[in-house]
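Novice: Shown below is the structure under consideration.
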Amino acid sequence: MLVHSRVALSAIALASLAALGACGDEVTGPAAPATAVAPTTAPTAAQPTPSSTAEAGTPPEVIEAPATPLAAPTVAKTQGRVRIYSGPSDVALSPAPDTGRGSTVIQLNATASAEIGTYVADGQGRTLYRFDNDKAKPSTSNCNGECATMWPPLLVKSPGQIYPSGINPKLVGYVERADGTCQVTIGGWPVYLFAKDAAPGDVKGQGVGGTWFAISPTGERTRPLPGTPATAAS
């Protein structure tokens, strides 16, 4: 009995170590889908049909065609245990809360701006940035420590799902950071938030230090704010 107990304890310890592996392989077993919350719609009243006894000159009742449902996204790419889909989810998503290692569900939205051009925001409307001191080939993040406090990396937790809207899913992926977390990439560039952006649509990090710029859907820099040189001081 003592031998069996030691074997069981050893197996549990090995399983715990396996769960702390690389960011793309943290959790064993099939990838858990995000919780889908079906959108609620008010019941549609029955539409009247034209009457054969309608008075002359009375316009016929218009019967509206039902709205075409959104096509369900398909998996366009898989990296490790993270699935990148072909577009936005066709239902509302309720991801698990961020535990410090990222969210299980990430939404990326191409967002138009008259000031800087089209940039990428997350599902909460927060602007995503790229850092010129990073690398895209191969993907490398060089923002750690105090830098990562001011510029928090956008992290996806494995097994996870990424839903890009207006972005080629083949350009989306992740890179493993020094602490083992998975940072989302676009066009190979790691993407970050900016701690001073307080509301959706804020781009206060644009041009900071001449090295931080909101990222475009292809991974390129967006243009500097009007009247602000690209080398603006931090």
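We did not get these values from a lab; they are worked out from the coordinates using the rules stated. None of these values were measured; they are calculated from a predicted model. Glycine also receives a Cβ, built like all others from the backbone with ideal geometry; neighbour counts cover every protein chain displayed.
Novice: How high is the relative contact order of segment 81-210, in percent, with contacts defined as C-alpha pairs under 8 Å that are six or more residues apart?
Specialist: The normalised contact order for segment 81-210 reaches 33 percent.
Novice: Also: For G160, which sequence-distant residues (separation of 5 or more, or a different chain) have an amide H within less than 5 Å of its own amide H, given hydrogens modelled in the peptide plane?
Specialist: Distant-sequence amide H within range of G160: V82, R83.
Novice: Please give the residues of segment 130-168, grouped as numeric ranges, whose backbone N is less than 14 Å from a label point set 7 Å along the Cα-to-Cβ vector of A71.
Specialist: What the label zone holds, given the 14 Å backbone N cut-off, is 166.
Novice: Would you kindly state how much longer the chain becomes between Q124 and D202 on full extension, computed as 0.36 nm times their sequence separation minus their alpha carbon distance, in nm to one decimal?
Specialist: That works out to 26.9 nm of additional length.
Novice: For segment 98-205, just say rounded, prolate or oblate: build the C-alpha gyration tensor, square-root its eigenvalues into a ≥ b ≥ c, call rounded for a/c under 1.5, and beyond that prolate if a/b exceeds b/c, oblate if not.
Specialist: It comes out rounded by the Cα gyration axes.
Novice: Can you give the FRET efficiency for E220 and R101, using 1/(1 + (r/R0)^6), R0 = 22 Å, r = Cβ-Cβ distance, to the nearest 0.05?
Specialist: About 0.15, to the nearest 0.05.
Novice: Now for a different question. Could you tell me which of the pairs K170/K204; K77/K196; K77/K204; K170/K196; K135/K157 are separated by over 26 angstrom between their Cα atoms in the structure shown?
Specialist: K170/K204; K77/K196; K77/K204; K170/K196
Novice: What residue among S86, G100, A112 has its Cα farthest toward the positive end of the dipole of segment 66-180, where the charges are +1 on Lys, Arg and -1 on Asp, Glu, each on the Cβ?
Specialist: The residue sitting farthest along the positive end of the dipole is S86.
Novice: Additional query: Under the 0.36 nm per residue contour assumption, what length would be gained going from the current alpha-carbon distance of V91 and A112 to full extension?
Specialist: Here the answer is 5.3 nm.
Novice: Once every Cα of segment 106-168 carries one equal point scatterer and solvent is ignored, give the base-10 log of I(q)/I(0) from the Debye formula at q = 0.18, 0.22, 0.27 Å⁻¹, two decimals.
Specialist: Summing over Cα pairs of segment 106-168 leads to -0.83, -1.15, -1.26.
Novice: Using R₀ = 25 Å, calculate the FRET efficiency as 1/(1 + (r/R₀)^6) where r is the Cβ-Cβ separation of E176 and D132; round to 0.05.
Specialist: For R0 = 25 Å, the calculated efficiency reads 0.75.
Novice: Okay, moving on. Given H placed 1.01 Å from N in the peptide plane, which residues other than close sequence neighbours of I215 have an amide H under 5 Å from its amide H?
Specialist: For I215, the qualifying residues are V120, L128, Y129, R130.
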